[in-house]
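Taken together, the values in this text are just the output of simple stated rules run on the coordinates, not laboratory data. Note that the coordinates shown come from a computational prediction; the quantities given were computed from them, not determined experimentally. With ideal geometry, Cβ positions are generated from the backbone for all residues, glycine too; neighbour counts draw on all protein chains shown.
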Amino acid sequence: MLVVEDDIGIATQLVRGLTRGGYRVDHVTTAGEALAHSVPDVVLLDLELPDGDGVSVCRKLRERSGTAIIVVTAYGEESDRVNALDAGADDYLVKPFGLAELQARIRAVLRRVKPGGDVVRHGPLTVDLRAKKVTMRGHEVALTPKEFDILECLAVDPGRVVSRQEVLEAAWDSHWYGPTKVLDVHVAALRKKLGVPGLIETVYGRGFRLGEV
């Protein structure tokens, strides 16, 4: 992932939060550096850069690759959104925003831009995100809606550590104030149904991830 942001304070927070979330993150501060960088999976692009217009950078990135581009900016006017989206941005997020929302937007654009992104295969597990269907070694596994939401949160980026709060917000909502133990109950039930020890790993003090099986 590439963060293109000239505000060092904002960039530091983004890099720290996304790195903790399991992403490999590079940071540049100028349009020139962004265009010279190797093509990442995702670009988080500020519109106001010291050496160029972010919309122009977006257009040039889109001309050369299919990388996912999320504009992150303080500009929230409709015209700014239209210009960025017309230039090839996949999404547009206005500052300030929460890390959980940003990560949800990242997962969403990756599903859209990756070929076959609606179907995730991880070892014996197959998750059809559109049909809401899960199979293990070719046999369908019946999950409750909450169990599927938890699994989807982990499956869209296998191997990445997903925080407990992020899973709660994905499976319930951002206003969940109940006991977090409910998550452990659902994860335990999900593990039992999938029937593969070690598939869903608990990373103590951080969250959960799909492990190698």
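Could you list, in sequence order, all residues of the range 44-67 that are of a type outside the set (Gly, Ala, Ser) and within 27 Å of Val162 (Cβ to Cβ)? The answer is Leu44, Leu45, Asp46, Thr67.
Among what's in the range 18-43 and is of a type in the set (Ser, Thr, Tyr) and surrounded by 16 or more Cβ atoms within 10 Å (Cβ to Cβ), pick the residue that is farthest from Glu166 (Cα to Cα).
My answer is Thr29.
Among the residues of the range 54-91, which ones are among the aliphatic types (A, V, I, L, M) and under 19 Å from Ile10 (Cα atoms)?
As a first pass, look at the range 54-91 and keep what is among the aliphatic types (A, V, I, L, M): 55, 57, 61, 68-72, 74, 82, 84-85, 87, 89.
Of everything in the range 54-91, those that are among the aliphatic types (A, V, I, L, M) and under 19 Å from Ile10 (Cα atoms) turn out to be Ile69, Ile70, Val71, Val72, Ala74.
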